[in-house]
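Taking it in order: structure first as structure tokens, then the write-up.
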């Protein structure tokens, strides 16, 4: 079954308007999720919307409330919110362009895929995609959906476009209260040198597939075991031993050098494999 778009509208660049569809780029189903179960009966726990002194209420009787004081609300009909006219409900206009690396990572929120709305839109869509790729730029604009107007960045992604919602400036916490107690003194040069060497030795191209969700794997193994369907050879992931108190006091230089030596042994081991020796002799 093809995924349903979460938004349909127009991507606008100056006077050019391109019909597009937007899809979530992440799959929540891939994550472990649990239901709350009533243990004595084995049945699911359900929730009701309840008003104190009134009891359960129907959805059509629920309005939006904006708290202006403690337990004092301005009540708004959901239909009034829907009637707010914003061009960004149907049109995403790229109003500014920035270098892709100029946006600090802390601003990124959620990724979506953008694709042409139909075959006629594809030519113009590819022009925008390739222009962004050639210039190394991301387009900025605003998009209204689900009761919010989002700041977004659009950039090339494979043969399509990637739209990422961004946080507004007032949503980002200032670092002062978190980092003010950390000294701005530079690290010692010899320690820094060894740490940099370790980073260089462990550097490699990014490959998300190299990292597995071990917690999910352990939960799946537990579920299979309890269901009596656990496959032969499946093993439970064991938690690492918690360090004893006081173990964190170490000689930093010795620890860094030991890490570099360990990295060296691993790289030598890889080089001694048949495939590696074959490449070397070639």
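No lab work stands behind these numbers, since they all come straight from the coordinates. The structure displayed is predicted, hence computed values, not measured ones. Neighbour counts run over all protein chains shown; Cβ positions are idealised from the backbone, glycine included.
In table form, for the structure just shown:
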| item | result |
| --- | --- |
| For the stretch 27-45 and the stretch 167-226, distance of Cα centres in Å | 31 |
| Computed log₁₀ I(q)/I(0) - Debye formula, equal Cα scatterers, no solvent, the chain, q 0.08, 0.10, 0.12 Å⁻¹ | -0.70, -1.05, -1.26 |
| Cβ-derived FRET efficiency at R0 45 Å, residue 101 paired with residue 225, nearest 0.05 | 0.45 |
| Contour excess over end-to-end distance, with Cα ends at residue 215 and residue 149 and 0.36 nm allotted per residue | 20.3 nm |
| Gyration tensor verdict on the stretch 73-154 (Cα atoms; rounded if a/c is under 1.5, prolate if a/b is larger than b/c, oblate otherwise) | oblate |
| Approximate spin-label separation residue 109-residue 186, in nm, with each point projected 7 Å along Cα-to-Cβ | 4.0 |
| Residue 43-residue 68 FRET efficiency (beta carbon distance; Förster radius 25 Å; 0.05 resolution) | 0.05 |
| Per principal axis, descending, Cα span of the stretch 107-234 in whole Å | 58, 52, 35 |
| Per residue Cα convex hull volume in Å³ - calculated over the stretch 6-66 | 220 |
